[in-house]
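Take a look at the structure set out below.
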Amino acid sequence: MAFIRFVLGGSNSGKTKFSEKLSLEISSLSGKLYFVATGVAFDKEMQVKIDLHKKNRNSSFSSIESPDLSTEIFANASKNDVILIDCISVFVSNVICMEEFEETQIDKFKLAIENSNANLVIVGQETSLGVIPDNELSRNFLKKSGHLNQFVAEIANEVYFVTAGISQKIKG
């Protein structure tokens, strides 16, 4: 099973920057370094955010765009490889909102990370710190995202929480 590091935080908290730094620190010369991006540019603002992430990403990463996390990289990576997944909360949103994705994709992702041999750095948004939304879609997202966060935190070897660019190790 993979060695899993889970990085949680709020929007624009510095999760990605911390996760990239962590991934670079744990990568070995013999392994490969992957960045699996889940973001989809539904509007201009999101496209700008994605472009900025790409521009700021270290060139050591091989980038894979996979909004539904159906990539085979989890099964094909070796124990020396590092896979950074950014972010599972966007993945959950994709699964819920995009017609071509099925909610069973969440279960497939769980199996993929449990069976991967690679070092995984998984980024997720802590969604339980706000108010309960007034609409069913948002509540469904919070429920599914919260359950996935709990699953990943349970199987993770280390869990970090990032606030204002400062990381705090909360497990491991």
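Can you say whether Val131 is more than 24 Å from Lys17 (Cα to Cα) and either free of Cβ contacts under 8 Å to residues at least 40 places away in the same chain or part of a loop (DSSP other than H, G, I, E, B) (or both), as far as the supplied structure shows? Lay out the reasoning, then the answer.
Working: more than 24 Å from Lys17 (Cα to Cα): yes; either free of Cβ contacts under 8 Å to residues at least 40 places away in the same chain or part of a loop (DSSP other than H, G, I, E, B) (or both): yes.
So Val131 fits the description; yes.
Which residues, taken from segment 134-155, are closer than 14 Å to Ile4 by Cβ and free of Cβ contacts under 8 Å to residues at least 60 places away in the same chain? Show your work before the answer.
Filtering segment 134-155 down to residues closer than 14 Å to Ile4 by Cβ leaves 148-155.
Hits for segment 134-155 are Gln150, Phe151, Glu154.
Scan segment 35-53 residue by residue and report those that are free of Cβ contacts under 8 Å to residues at least 40 places away in the same chain, of a type in the set (Val, Ile, Thr) and surrounded by 13 or more Cβ atoms within 10 Å (Cβ to Cβ). Working first, answer last.
Let us first name the residues in segment 35-53 that are free of Cβ contacts under 8 Å to residues at least 40 places away in the same chain, namely 41-53.
Pick out the ones that are also of a type in the set (Val, Ile, Thr) and you get 48, 50.
Result: Ile50, single match.
Taking segment 119-145, which residues are within 22 Å of Val162 (Cβ to Cβ) and either loosely packed, with under 11 Cβ neighbours inside 10 Å or in contact with a strand residue (DSSP E or B) (Cβ under 6 Å, 6 or more places away or on another chain) (or both)?
If the condition is that a residue be within 22 Å of Val162 (Cβ to Cβ) and either loosely packed, with under 11 Cβ neighbours inside 10 Å or in contact with a strand residue (DSSP E or B) (Cβ under 6 Å, 6 or more places away or on another chain) (or both), then Asn119, Leu120, Val121, Ile122, Val123, Gly124, Glu126, Leu129, Gly130, Val131 are the ones that fit.
Checking Ser70 against (1) under 27 Å from Gly165 (Cα atoms); (2) among the hydroxyl-bearing types (Ser, Thr, Tyr); (3) modelled with pLDDT under 90; (4) surrounded by 12 or more Cβ atoms within 10 Å (Cβ to Cβ), which single condition isn't satisfied?
Here Ser70 meets the rest and fails (1).
The values are calculated or read from the model by the stated rules, or taken from the named source; none is laboratory data. Computed from a predicted model, the values in this text were never measured in an experiment. Using ideal geometry, Cβ is built from the backbone for each residue, glycine included, and neighbour counts are taken over all protein chains shown.
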